[in-house]
Each structure stands twice: as C-alpha cells, then as structure tokens.
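Shown next, in structure tokens, is the structure this report addresses.
No lab work stands behind these numbers, since they all come straight from the coordinates. A quick note: this is a predicted structure, and the numbers were derived from the prediction, not measured. Every residue, glycine as well, gets a Cβ built from its backbone with ideal geometry; the counts of neighbours run over all protein chains shown.
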Amino acid sequence: MDNKIIKKITIVGTGFVGSTTAYTLMLSGLISEIVLIDRNEQKADGEVMDLNHGMPFVRPVNIYRGDYKDCAGSDIVIITAGANQKPGETRIDLVKKNTEVFKSIVNEIVKYNNNCILLVVTNPVDILTYVTYKISGFPKNRVIGSGTVLDTARFRYLLSEHVGVDVRNVHSYIIGEHGDTEVAAWSLSNIAGIPMDKFCSECHQCEKQISRQKIYESVKNAAYEIINNKGATYYAVALAVRRIVEAIVRNENSILTVSSLLEGQYGIDDICLSVPAIVNSSGVEKILNVPLSDEEFTLLKNSSETLKSIAQTLDI
Ligand code: NAD
C-alpha cells in the first residue's frame, strides 16, 4: 500500500459546488493547500478571502486563487466548472457545450500535471468523466466522477427516515447514471445485516412497493426539487466530494459508488457510470461485481445504453 501523504488539491470552478467543496475540505483538516481556479477571477478572489477569514478556526491550510500552472503538484484536481442548463436547452446541447469547456480545462490541467487524480463533478457527470478520460489520456483508475455517491447518500437518508434507524446503519447503493436512469439496488439493501425484504416483511408498517417507488422517485428527483426551491444544490454534493477525497488522501480502500470506466463488468464496456468500487490513493483500485437481481441488472444495462447513446454524439 502506498503511504504517500497527499495534501494539495486544486478546484476548477468556484461556483456554488466548487466553493462549498473548498469549505468542506478546509474544515476536514486533511489538506494543506487548496488552489481555486475560475475564469471569473473576481469570484474566485471573493471565495478565497471569505474562506481565509475563517482560518483561526481550522487547522492551517493555504488557500489561494491560482491559474492552471498551479495544478502542478496537486494530488487531486476537482472539476466543478461548466455551464448550467438554460431554458429551452436540451441535455444534449448542455453535453456538447460542457464537452467543449472540458476540452480546454482538461488540456490545461494535464499540461502542468499528469500524475494527479482527476475528480469530475460537473454534470452530466458520467459523460464528462468519460470525456475527461478520453481527453486526458490518464489511466482509467485516475479519472473519477462523483457519480452516485450523492444519490446513494440521499437514498440511505430517506431509507433511514422511513425505518427510523441511524443512517450510518442503513446500507444500500444507487448505481448507474447520476441522473434519470439511475437504479436503486434494493437487493443489496440491509439494516444490521437484515436484508431489506426481510426487514419489510417483519415491519408491515407500509405498503412496501408504494413506499419503495416513492423513495426512489424522491432520490431521482431530489436535484430538481432543490433547484426549484433554492436555485442550486451544493451542501450534500460538497460533503460527498469531501468523502471521496478522504478515501483517496487516507488510502482507505473505501467502497464508494464513484463513476469510472467499465470494461466488461456487468456486460458493460467503454462508458463511465457508478457501481460499488474500492477507492484508495491510486483512485479506483477495483470495480466490484456485486450480485444484482435480474431486474436491477436490466435497469443497469439500460442506464449504460442511455449514456452510450449520448457519448456517441460527441466529437472526442
Ligand atoms: P455555478 O454556475 O455556480 O458555477 C460554475 C462555475 O464554473 C462558475 O463560477 C463559472 O465561472 C465557472 N466556469 C465556467 N466555465 C469555466 C471555464 N471554462 N473555466 C473555468 N471556470 C469556468 O454552478 P454550480 O452550481 O457550482 O454547479 C457546477 C456543476 O456541478 C454543474 O454542472 C452542476 O450541474 C454540477 N453538480 C453536480 C453534482 C453531482 O452530484 N455530480 C451535484 C450538484 C451540481
């Protein structure tokens, strides 16, 4: 196991997600240097000032606005930059727009650093992780998308609320696309080792299928609902990114549903999506072949095919 101490992180994009991620990393005490890059330099300067004024309350961390040459020496470069969907714009339009943005950003990063782990958060995250993999030329283990780490957290939270058990003792995964075709892996869900089916059959407090559908829909539509209410989502995703960074920095071998390149697992090839994977200081150490039900397997294949059909429209 590699015992290298990783301590420098660059964040490209200091909007809602990038700046909140910087805040969670600042609080984590894991990082000693955080570089913020944004094409809007004034915004990045404002975030740097605001974060630095909290310095007496955290462990020392050097936070500054940089440019791409400051990616040098970064152990992880997190990309949260990109356009948001505008009214009348299709998802494919957004994909095309952000692919162009990523071509310039990723080429700039790798000019100064080709040893780092690239962690993609910008949406559509699975497609842009694939784009980043293709453009960077990095080995697949070092190109990671935040994937369904956030969706899995939302799922576990909603399940925990439903059954009245501490979220940390409720285990389950959302897999596939971070988006409309994502899949709830009910067959893997358990509480204290009790499979969810057994837990439900002993509980009898609700109509099982209706509750399951409601929980799944709430997870899938969470971003739409939050954006409708307050314009953007950033706290939970920033904590999810911090969790991924922690697993890398501390070489934890943690199992997380990050997005990464599949090469035949689950019969899926040449596309990035999320399934449980072991994450450590080398990035995605291993993609696990978890036992899914036939229905979950079919839904996962469907999710991969949706992503592939979008990737095929791109000029990369
Ligand atoms: P935002 O508009 O607040 O921030 C985007 C930032 O990117 C802006 O500061 C902008 O100046 C910067 N930017 C744009 N183009 C750039 C370029 N070429 N170079 C450098 N900087 C550039 O948006 P946000 O709310 O922070 O969201 C950022 C992205 O994160 C979106 O794509 C959003 O959909 C995504 N997101 C992903 C998840 C997830 O789970 N993966 C969750 C929430 C949001």
- request: Exposed loop GluC sites (Glu not before Pro) only (DSSP loop, at most 16 other Cβ atoms within 10 Å): please give the longest stretch of the chain free of them, not including the sites.
  value: 90-206
field: Segment LYS214-ASN114, length gained on full extension (0.36 nm per residue, minus Cα span)
entry: 31.6 nm
message: Given a 10 angstrom Cα cut-off, can you work out which residue in LYS208, LYS286, LYS96 is the most mobile in a GNM of the chain?
response: LYS208
- prompt: For GLU217, what is the net charge nearby, where nearby means another residue's Cβ is under 12 Å from its Cβ and Lys, Arg count +1, Asp, Glu -1?
  reply: +1
message: With the cut-off at 21 Å, tell me which of the pairs LYS69/LYS140; LYS220/LYS301; LYS103/LYS134; LYS43/LYS220 have Cα atoms farther apart than that.
response: LYS69/LYS140; LYS43/LYS220
- request: Note the direction-averaged projected area, equal to a quarter of the hull surface, for the Cα convex hull of the chain, in nm².
  value: 16.5
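Relative contact order for segment 149-311 using alpha-carbon pairs under 8 Å, separation at least 6, rounded to a whole percent? Kindly include the intermediate steps, with their values, before the conclusion.
Working: 234 pairs, mean separation 37.4, N = 163.
Computed value for segment 149-311: 23 percent relative contact order.
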message: With the cut-off at 1.5 for a/c, could you classify segment 165-316 from its C-alpha gyration tensor as rounded, prolate or oblate?
response: rounded
message: Using +1 at the C-beta of Lys and Arg and -1 at the C-beta of Asp and Glu, which of ILE310, ASN253, THR181 has the Cα lying farthest in the positive direction of the dipole of the chain?
response: ASN253
- line: Length-normalised contact order of segment 1-155, Cα under 8 Å, at least 6 apart, in percent, tallies to 22
statement: Computed over all unlike Cα pairs, the Kirkwood hydrodynamic radius of segment 146-240 in Å stands at 13.8
Potential extension, SER282-VAL167 segment - 0.36 nm per residue separation minus Cα distance: 38.6 nm
Only Lys, Arg (+1) and Asp, Glu (-1) charged, at Cβ; the chain dipole about Cα centre in debye: 540
- prompt: ILE226 to CYS206: FRET efficiency via 1/(1 + (r/R0)^6), r the Cβ-Cβ distance, R0 41 Å, to the nearest 0.05?
  reply: 0.95
- line: Dimensionless Rg/Rh of segment 8-145, both radii on Cα and Rh by Kirkwood, sits at 0.97
DSSP beta bridge pairing in the chain, given as percent antiparallel to the nearest 5: 50
task: Determine the dipole magnitude for segment 149-311: charges of +1 sit on the beta-carbon of Lys and Arg, -1 on that of Asp and Glu, nothing else is charged, the reference point is the Cα centre, and the result goes in debye to the nearest 20.
output: 500
query: So how far apart, in nm, are the two label points at GLU305 and ASN253 if each is 7 Å from Cα heading toward Cβ?
result: 3.8
query: Put +1 on the Cβ of every Lys and Arg and -1 on every Asp and Glu Cβ in the chain; which of ALA277, TYR157, GLY54 then has its Cα farthest towards the positive end of the dipole?
result: GLY54
message: Just to be sure I understand the model, the point goes 7 Å from the Cα along the line to the Cβ. What's the resulting LYS140 to LYS69 distance in nm?
response: 3.7
Sites GLU100 and GLN312, calculated FRET efficiency, Cβ-Cβ separation with R0 25 Å, nearest 0.05: 0.90
The chain, relative contact order [Cα under 8 Å, separation at least 6], %: 18
- request: Specify which residue in the list ILE135, SER293, TYR216 is farthest towards the positive end of the charge dipole of the chain, using unit charges on the beta carbon of Lys, Arg (+1) and Asp, Glu (-1), about the Cα centre.
  value: ILE135
